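The values are calculated or read from the model by the stated rules, or taken from the named source; none is laboratory data. Since the structure is predicted, the reported quantities are computational estimates derived from the model, not experimental observations. When we count neighbours, we look across all protein chains shown, and the Cβ atoms used for this are built from the backbone with ideal geometry, even at glycine.
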Amino acid sequence: MPNTIMHFEIPADDVARAKAFYEKVFGWTIKAFPMPPGKEYFGVTAHEKGGPGIDGGLMKRNMPGQPLTFYVSVPSIDEMIGSVQAHGAKIALPKQAIGPNMGWIAAFIDTENNLVGLHQAPPAQTAAKATAKAAKSSKKTPKGTKKTAKKAAKKKRQ
């Protein structure tokens, strides 16, 4: 499905307290995440590997009242900004690059005053995902092919 939720961020007034809370209550793993100097960020693993769910981040609250934010993966932030504005949203954070090879983010305030983030993957990551998906689908065996091959091998042995 396009435009899936791919990340969440929890702002905190007291990061250590919030970290302890989420680790104890939900059993999440929260570890320091490499960021540029002067920025503190923690990666939140909130699901079992291969299981359902998304991961996120925990950080110091940047502004009073900063809410929990989820990020939607989009092919083009520029196009999505035009669409959300046309439907009544206001831009809260213009498009900006994030860490190396991590793409771009932006955020908007929806018609109900909720903060929603957007994430656009870098071109290399997008291409790598497409290549991996194509490779995976090319490995699929057409229906009946395995059974036919097994029958042929069995006849050959007889």
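Points worth noting:
- So G50, is it surrounded by fewer than 10 Cβ atoms within 10 Å (Cβ to Cβ) and modelled with pLDDT under 95: yes
- Conditions (1) hydrophobic (A, V, I, L, M, F, W, C); (2) under 24 Å from P34 (Cβ atoms); (3) at pLDDT 95 or above: number failed by I98: (3)
- Looking across segment 69-88, the residues that are in contact (Cβ under 8 Å) with a residue 24 or more places away in the chain and either more than 27 Å from Y22 (Cα to Cα) or loosely packed, with under 12 Cβ neighbours inside 10 Å (or both) come down to V74, P75, S76, I77, M80, I81, V84, H87.
- Strands (runs of 3 or more DSSP E) wholly inside segment 40-117 containing at least 2 residues that are farther than 20 Å from T4 by Cβ: 41-45, 56-60, 90-97
- Selection from segment 2-24 of residues that are at pLDDT below 90 and at negative phi: P2, T4
- If you go through segment 66-120 and keep only what is within 13 Å of E9 (Cα to Cα) and of a type outside the set (G, A, S), you end up with Q66, P67, L68, T69, F70, Y71, V72, I105, L115, V116, L118, H119.
- Looking across segment 6-45, the residues that are under 20 Å from the mean Cα position of the chain (by Cα), hydrophobic (A, V, I, L, M, F, W, C) and surrounded by fewer than 16 Cβ atoms within 10 Å (Cβ to Cβ) come down to F26, A32, F33, M35.
- Filter pass, T141 being exposed (fewer than 11 other Cβ atoms within 10 Å of the Cβ), modelled with pLDDT under 90 and β-branched (V, I, T): yes
- M59 vs. criteria under 19 Å from A20 (Cα atoms) and at pLDDT 90 or above: yes
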